[in-house]
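Rule-based calculations on the coordinates, nothing more; no lab input. Remember, predicted model here, so these are calculated numbers, not experimental data. Reconstructed Cβ throughout: ideal geometry from the backbone, glycine too, with neighbour counts over all protein chains shown.
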Amino acid sequence: MSKRRPSKPPGAELLVCRNPQATHAYEIVERIEAGLVLQGSEVKSLRQRRASLEGAYASIVGSEVFLHKMHVAPYEQATVFAHEPKQSRKLLLHRAQIERLRGKLAQQGFTLIPLSVYFKGGVAKVELGLGKGRKKGDQRQELRRKADAAEARDAMKRRR
């Protein structure tokens, strides 16, 4: 009888990459999960966690959403049909979601930023954030607020 590996529980996620700069440079108003259309070699490379969201952004073109400038490293064992590392990739969203996003993006200052890429139930997903750009002063205030909160937590721990 063959040995079987224990299967992952349904809903288990495998994080591929995150974009920590996005939450620093933008105030995230809403988060949306979207499917990602990939080629075979891209999936293999993502499973090896060889991707980066640095400088990536999403845009609505016609009635479709695309992810631009996401770097997925080439897969070494890929044959002639290897993928381009920084090609635009289509995102899968419902039409109603796309129209709602189009309306929000029409407002000044909003943009779509990829926050993370992960596998959920064996399917590649992207978490998009609808964000509004922060100014330098806002970024400094946010860092100061986080530092103050951490300092208060530490003081409470020491007090106990």
Residue of LEU46, LEU143, LEU105 that the Gaussian network model of the chain assigns the largest fluctuation, springs spanning Cα pairs under 10 Å: LEU143
Folded to 0 to 90 degrees: helix 95-106 orientation relative to the chain principal axis, Cα: 40
Volume per residue of the C-alpha convex hull in the chain, rounded to whole Å³: 194
Helix-only mean residue ellipticity at 222 nm for the chain, each DSSP H run of n ≥ 4 adding -39500 (n - 2.57), per residue, nearest 500: -10000 deg cm²/dmol
Aspartates and glutamates whose Cα lies under 17 Å from that of LYS44, excluding same-chain neighbours fewer than 8 positions away: GLU13, GLU76, GLU84
Residue among ALA150, ALA58, ALA124 with the largest mean-square fluctuation in a Gaussian network model of the chain, springs linking Cα atoms under 10 Å: ALA150
Two-site FRET efficiency, GLN139 against ILE28, from Cβ-Cβ distance with R₀ of 22 Å, rounded to 0.05: 0.95
